[in-house]
1. Can you name every one of the strands (runs of 3 or more DSSP E) wholly within segment B:544-643 that holds 1 or more residues which are in contact with a helix residue (DSSP H, G or I) (Cβ under 7 Å, 6 or more places away or on another chain)?
2. Out of everything in segment B:418-466 that is touching a Phe, Trp or Tyr at 6+ places or on another chain (Cβ under 9 Å) and over 28 Å from B:Met599 (Cα atoms), what residue ends up being surrounded by the fewest Cβ atoms within 10 Å (Cβ to Cβ)?
3. Considering only segment B:281-295, I want to know if a residue exists there that is crowded, with 18+ Cβ neighbours inside 10 Å, out of contact with any helix residue (DSSP H, G or I) (no Cβ under 6 Å at 6 or more places or on another chain) and not in a strand (DSSP E or B).
4. Report, by residue number, each residue of segment B:661-709 that is at the interface with another protein chain (Cβ under 10 Å from one of its Cβ atoms) and farther than 27 Å from A:Trp112 by Cα.
5. Can you tell me which residue among B:Gly469, B:Gly480 is at pLDDT below 95, under 30 Å from A:Leu127 (Cβ atoms) and surrounded by fewer than 24 Cβ atoms within 10 Å (Cβ to Cβ)?
6. Hey, among B:Thr152, B:Thr198, B:Thr179, B:Thr147, which residue is under 30 Å from B:Pro301 (Cβ atoms) and either in a strand (DSSP E or B) or under 17 Å from the mean Cα position of the chain (by Cα) (or both)?
7. Which one is farthest from B:Ala311 (Cα to Cα) among residues in segment B:710-727 that are out of contact with any Phe, Trp or Tyr (no Cβ under 9 Å at 6 or more places or on another chain) and at the interface with another protein chain (Cβ under 10 Å from one of its Cβ atoms)?
Amino acid sequence: MERRTAKDLIDGQLSWPQLKEIISHPKDPDRFQVVMDVLRERLGWQEPVLLPLAEHLYIVQKGTQRVVRCDCGYEFGDCRENWKTKARVFVRNDESLLREIYPQMMHCDPQWMELREFYCPGCFTLLEVEAVPPGYPVLFDFQPDIDGLYEWLGLPLPSSASE
Amino acid sequence: MDVAKRDVGRTPIGWDGKTLLEMMEESERLFQETGRYQGIDRLELKEEDHFRYERAFAKLRGALVAARETALHISASPIVRNIGELCFALYTPEGDSVAVSTGIMVHVHTMSEALKWMVRNNYERDPGIRPGDIFTSNDPDVGNVHTADVHTMVPVFWEDELVGWASGVTHQVDIGANTPGHDPITPTSRFEDGFHLTCERIGEDEHIRQDHRLRSQRAVRSPLYWDLDEKCRTAGAYLIRDAVHRFIAEEGIDYYKRFTREVVEEGRRIFMARVRERLLPGRYRAVTFVGIPFKEEAWQPRARKDFICHAPMEIVIGRDGDFFLTMEGASEPGFHAFNCAEGPMQGAIWVLLSQMLVYDGKVNDGSYLALRHYFPPGSWCNALDPQLSYSTPWAFLIPAFTGLTRCLSRALFARGYREEVVCGYGFTGDAIQGGGTLAFNGEYWPAANFEISAVGLGASAVHDGLDWGYAMWNPESDQGDAELWELLEIGIPYLARRVKEDTAGYGKYRGGSGWEALRLLVGNRDAELYMARADGVTFMGSGIFGGYPQATAYRLWSRGSEIMDRVSKGQPYPLGDDPDSGEFEELLRGEVTRRTTAMMMPEIFHDRDVLHYVLSGGPGCGDPLERPAQRVVDDMNEGIFSERIAADVLGVVASRAEGQEKWTLDEEATDARRQEIRRLRAERSLPFDDFWQQERQRIEQGQLVEPVRGMLRESMGLSQTWAQEFRAFWKLPEGFQP
């Protein structure tokens with residue numbers, strides 16, 4: 001994939017016919033590098049970015065530690081721990097809070113389920129929404145094996161990145 | 001092996017003098033020992049002549065697709081014909097799928113389980129498997145989702161050997177359960193699920209036996225449609241059998257045998273390659289819940305209970321490419337219609353992986369063989385009890401597998417393949433079920449509408465979800481024509497179908513929108529009708545990266561409406577429902593009922609009653625405040641989002657002049673509104689530790705409602721691992737029970 005196309009892909013600027021073309025073709029094996037190059041350039045961080053974890057979250061090599069960082073710069077700590085435990089949380093657990101964002105009768109019963117909104121404490125971007133019963137443990141959605149990925153891709157980890 | 005040979009007393013029908021049981025045991029042993037299908041090391045046929053190999057696959061695949069298209073035009077019920085609610089597949093003698101047609105592909109693997117069940121139970125010995133035989137099955141505990149899906153399996157012989165099975169599945173409008181309909185919600189045991197056929201031989205010498213025809217047509221409420229669909233499945237299976245015979249005549253029996261094995265192994269390898277190509281090693285988790293408020297509503301004493309289905313999903317991908325899916329922690333089965341056997345869960349993995357990872361590969365049981373899975377024995381997703389009801393496992397299965405889409409999406413996103421992200425899908429349910437009796441001739445009409453197969457798809461990470469056009473179990477489905485549904489459901493024509501506002505899950509990329517319909521009873525003695533969706537007191541799954549779950553369902557109907565008076569006076573009637581406006585009540589009058597529960601138990605309705613239902617949207621992806629403001633205005637102009645949701649959730653302010661239909665963006669007000677929402681987020685949110693303390697307190701002080709506590713107790717009882725995780729997260733003492 002060309003760098004310009006990758007930029008448009010990341011920005012959601014490709015039309016459906018363009019996307020369909022990409023989906024219908026064999027995958028480009030260098031996609032990870034192309035996308036990472038675009039992201040690294042945009043973020044402009046000195047520390048190596050190892051992986052995009054979510055729309056706004058990245059795993060970054062910071063010294064000997066791998067940390068989760070929002071693109072606003074806020075750091076959530078060690079990537080082996082759930083970044084949500086460093087987030088700000090807002091729970092919609094009563095009728096009025098659910099009614100703020102859903103039409104009448106078209107939301108869960110707050111006794112049975114609540115919406116947990118996890119915000120970045122730095123920029124208050126909404127990073128994840130959990131729909132779970134009250135008392136349900138917070139979900140650790142994704143624990144990537146970064147070394148394994150770079151091994152699969154045959155790519156060296158950025159020089160300071162070996163644990 | 002010895003038992004099989006001793007009891008057969010005649011020449012085995014398997015390959016090289018083996019019985020089918022011996023073939024299956026050998027196949028399983030080779031897979032166990034080598035990790036490869038039939039122990040195949042090299043794809044020799046592919047390597048030797050790539051073009052011949054691909055042409056061979058195209059021939060079989062083409063024959064299956066052609067069989068499907070032809071069979072549904074030979075003879076089929078409206079449900080099968082209107083949206084193609086059928087599927088065909090070719091299997092090896094051991095029951096592994098080689099190639100499949102388009103259609104309800106979720107059943108390709110369940111038919112495989114039924115065939116394997118026949119082999120394991122030594123059908124070769126008794127009742128025997130002969131050329132011209134026709135077998136049928138719909139037993140969920142053996143290899144099916146629910147009784148309404150009926151399989152026809154025809155053995156394909158070449159000389160004296162069984163070379164494969166040609167099989168087809170259709171979905172029945174009625175299966176003779178304790179209420180009319182195809183997804184009954186009132187059964188509590190097998191004995192209310194309707195007509196069961198447990199891998200029975202229903203025909204010999206290419207002829208369906210009269211005793212089976214008479215029995216089956218007396219077992220269901222719509223014998224005509226049963227008959228049409230049985231002919232459809234049988235015709236399709238014979239078209240496939242004939243195509244296999246032509247294939248063998250052209251390519252040779254040796255090539256056919258080697259090819260059908262090699263192509264399954266290739267399917268396995270394609271899946272393994274896709275995992276390495278598009279995903280990454282790691283641990284992925286997602287969870288979905290389905291709340292069932294049956295304490296007041298259920299018909300039978302044992303079923304009167306409020307409960308929640310807990311569907312946790314974890315996928316671990318190893319550096320060696322091993323793909324392991326587990327639902328450790330799943331809650332219990334029960335006296336309800338939503339229990340699920342292991343086969344449908346396997347089928348659901350298969351159908352979703354076929355759509356998300358191997359849609360351009362060799363779609364067959366190779367994908368199934370390429371991964372490991374664990375569905376806890378004795379849980380709702382591997383109930384292991386044939387006496388339970390399996391009428392509508394879809395109610396739990398469909399929501400549960402949104403977890404798979406979210407898990408895979410995180411990997412696809414991280415690898416840069418953002419166009420492949422799909423953060424879930426809507427629940428395919430809610431249209432009316434049941435049936436009625438016409439006043440003028442006493443004729444029965446079934447209500448089994450498959451416009452449910454057109455719900456919203458979840459958003460991707462680069463574009464919105466598909467509007468009103470997706471069903472996880474039939475990737476090519478659509479709404480079908482209203483006029484054709486009315487031919488089937490003759491006593492309840494449509495008043496309206498339209499886009500349902502605010503059903504698309506909110507996000508930077510929104511989920512596909514849902515829609516709504518109004519139906520009017522006309523010309524009936526009466527009708528027994530019900531509607532079912534799995535999301536009412538609970539959301540179905542969630543969005544991803546800050547996207548929200550789609551809106552839930554609700555119930556609405558009017559008894560004794562004034563619709564006829566309005567129509568005769570040329571006055572307007574509602575075309576849908578806005579719960580906040582009161583228009584439905586004002587225009588229709590009558591006795592109006594609104595309920596937040598998604599399940600509506602069967603009730604008797606009469607002429608002039610009007611029923612409303614909502615087809616689900618899909619979940620969203622990304623922070624809704626990041627959706628380009630003009631796109632939100634476009635959504636408003638298309639009826640996707642209301643003014644209130646645009647302003648309160650997406651932070652977009654738009655205006656329109658009096659009498660104008662089109663909204664125009666107010667950029668300044670939008671900037672201010674979005675800043676205001678961010679300020680509110682900062683003001684109202686808590687540090688995680690405070691949130692943790694508050695939640696823990698609710699658990700410790702027993703403030704959870706019974707269905708939540710019951711769900712937690714069930715999962716903790718079935719899984720020590722899950723119980724330990726739960727207690728560890730909340731730092732609760734050993735032995736704590738919620």
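1. B:555-559, B:591-595, B:610-615
2. Result: B:His463.
3. Checking segment B:281-295: not a single residue is crowded, with 18+ Cβ neighbours inside 10 Å, out of contact with any helix residue (DSSP H, G or I) (no Cβ under 6 Å at 6 or more places or on another chain) and not in a strand (DSSP E or B).
4. Within segment B:661-709, B:Arg678, B:Arg679 qualify.
5. Residue meeting the stated conditions: B:Gly469.
6. B:Thr147
7. Out of the qualifying residues, it is B:Glu725.
Table: residues versus (1) among the small types (Gly, Ala, Ser); (2) within 21 Å of the chain's Cα centre (by Cα).
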position	(1), (2)
B:Ala71	yes, no
B:Arg81	no, yes
B:Ile104	no, yes
B:His109	no, yes
B:Ile129	no, no
B:Ser137	yes, yes
B:Asp141	no, yes
B:Val163	no, no
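The values are calculated or read from the model by the stated rules, or taken from the named source; none is laboratory data. Since the model is a prediction, treat every value here as computed from it, not as a measurement. All Cβ positions, even for glycine, are placed from backbone atoms using ideal geometry, and neighbour counts span all protein chains on display.
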